[in-house]
1. Could you please find all residues in region 179-196 being without any contact (Cβ under 8 Å) to a residue 40 or more places away in the chain and within 10 Å of E169 (Cα to Cα)?
2. Which count do you get for residues in region 70-105 that are in contact with a strand residue (DSSP E or B) (Cβ under 6 Å, 6 or more places away or on another chain), open to solvent by 60 Å² or more (accessible area, probe 1.4 Å) and either modelled with pLDDT of 95 or more or under 21 Å from T184 (Cβ atoms) (or both)?
3. Is it fair to say E109 is free of Cβ contacts under 8 Å to residues at least 40 places away in the same chain and under 20 Å from the mean Cα position of the chain (by Cα)?
4. Any residue at all in region 108-121 that's modelled with pLDDT of 95 or more, within 29 Å of K154 (Cβ to Cβ), in contact with a His (Cβ under 8 Å, 6 or more places away or on another chain) and of a type in the set (A, V, I, L, M)?
5. Name the single residue, out of those in region 125-158 being within 16 Å of N99 (Cα to Cα) and of a type in the set (K, R), that is most open to solvent (accessible area, probe 1.4 Å).
6. Checking the structure you have, find out if any residue of region 47-63 is surrounded by 12 or more Cβ atoms within 10 Å (Cβ to Cβ) and among the hydroxyl-bearing types (S, T, Y).
7. Please specify each residue of region 159-197 satisfying the condition of being among the basic types (K, R) and open to solvent by 60 Å² or more (accessible area, probe 1.4 Å).
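The values are calculated or read from the model by the stated rules, or taken from the named source; none is laboratory data. Keep in mind the model is a prediction, meaning the values are calculated, not measured. Cβ sites come from the backbone with ideal geometry, for glycine too, and all protein chains shown count toward neighbours. For the accessible areas, the whole protein counts, side chains as well, though only heavy atoms, and no ligand, DNA or RNA atoms are used. Shrake-Rupley method; radii C 1.70, N 1.55, O 1.52, S 1.80 Å.
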Amino acid sequence: PTSIWETVIHPADRARCQEELRSALAHLCDLDTEFRIRRADGVVRHLRFRARVQRDDTGQAVRILGISWDITEQKRTVERLQLFSRAVEQSPASVVITNTHGEIEYVNEKFTDVTGYAASEVLGRNPRVLKSGRTSPDEYRQLWHTIEAGEVWKGEFHNKNKQGQTYLESATITPIRGEAGRITHYLASKEDITARRAA
């Protein structure tokens, strides 16, 4: 097995995989690992490998039986999700994600900076916790009518932070659809424009 790994496994993963194989043989334990291979055409793929060490009557390892499968697309999906997650978390805009009942499921760090509320204080609550009373009920009705119809709403909120100070936000609220096309969440991207409006 070592000679096969030496020719197939990506050079950056080779030493680790050889050590994992030696350890499995020495301790007669199962092997469960991931590594990259470089195909003959130069394409790099990610594999998951699981194997069981078989023993003889004296308990010595005699062979390894295993299976590997290509997880390249799963790895790429995870990497994309991590990239999107970092992009949202580090966004210069406040980002709020709610379910279809308006209950907050996610806020980024900018939201905390602007509002003074930690994520733990608003998760499960409605964004109305920020209402200052200066945005009319008609505007909120129009907002919900728009996003429930699957359309993007753009407008402004007069909100109030945790310290009771009011501020003006420019907001875009976008419906998020699941695989079946049904709306599952709403994404709000908001920018504090108080200073800009004052200027």
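1. I193, T194
2. Of the residues in that region, 2 qualify.
3. yes
4. No, that holds for no residue.
5. In this case the residue turns out to be R128.
6. no
7. K160, K162, R177, R182, R196, R197
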